[in-house]
1. Inspect all residues belonging to segment 35-48 and state whether any of them is under 16 Å from VAL2 (Cβ atoms) and polar (S, T, N, Q).
2. Starting from segment 18-40, keep only residues that are over 18 Å from ASP61 (Cβ atoms), then list their pairs with residues that are of a type in the set (Phe, Trp, Tyr) whose Cβ atoms are within a distance under 8 Å, requiring at least 6 positions of separation or different chains.
3. When you go through GLU60, GLU42 one by one, which is the residue that is surrounded by 13 or more Cβ atoms within 10 Å (Cβ to Cβ), among the charged types (D, E, K, R), within 18 Å of ALA74 (Cα to Cα) and modelled with pLDDT under 95?
4. Picking from CYS81, CYS12, which residue would you name as being surrounded by 14 or more Cβ atoms within 10 Å (Cβ to Cβ) and modelled with pLDDT under 90?
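The values are calculated or read from the model by the stated rules, or taken from the named source; none is laboratory data. Here the structure is a predicted model, which means the values were calculated and not measured. Virtual Cβ from ideal backbone geometry, glycine too; neighbours counted across all protein chains shown.
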Amino acid sequence: MVYLLHFDKPLCHARHYIGYTENLDKRILQHRSGNGHARLMEVIYELGIGFRIARVWFGEDRHFERMLKNQKNAPRLCPYCNKRISHMLYQPELFNQVIDMPPGWWDTIDEIPY
């Protein structure tokens, strides 16, 4: 799956991170601890900048991730930045069911308004 993270505040020009994973909960925990070999996310962690899961594309692969990154237009894809797609913000209850997350997992993630 491919996912889009929205930063609570920009780091220079960067406001988003697009990544690929087969295990989203593990990957988010890696990002939140500053591990995982994504330099941008390590810097975000070091500076104490929070982030939210803005969007997830289930069933997509690394080619799709690369295509999105090459477009260099993450704000257009982000429901927090693009009000025309703000209806796409995930509801935690639905998200937990879709990827079978344990109850309480969302307690480690910033509140997502809906």
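1. No - not one qualifying residue is present in segment 35-48.
2. Note: pairs meeting the criteria are ASP25/TRP105; HIS31/TYR17; HIS31/TYR45; HIS31/PHE51; ARG32/TYR45; SER33/TYR45; GLY34/TYR45; LEU40/TYR17.
3. Going through GLU60, GLU42 in turn, just one is surrounded by 13 or more Cβ atoms within 10 Å (Cβ to Cβ), among the charged types (D, E, K, R), within 18 Å of ALA74 (Cα to Cα) and modelled with pLDDT under 95: GLU60.
4. Result: CYS81 is the single residue among CYS81, CYS12 that is surrounded by 14 or more Cβ atoms within 10 Å (Cβ to Cβ) and modelled with pLDDT under 90.
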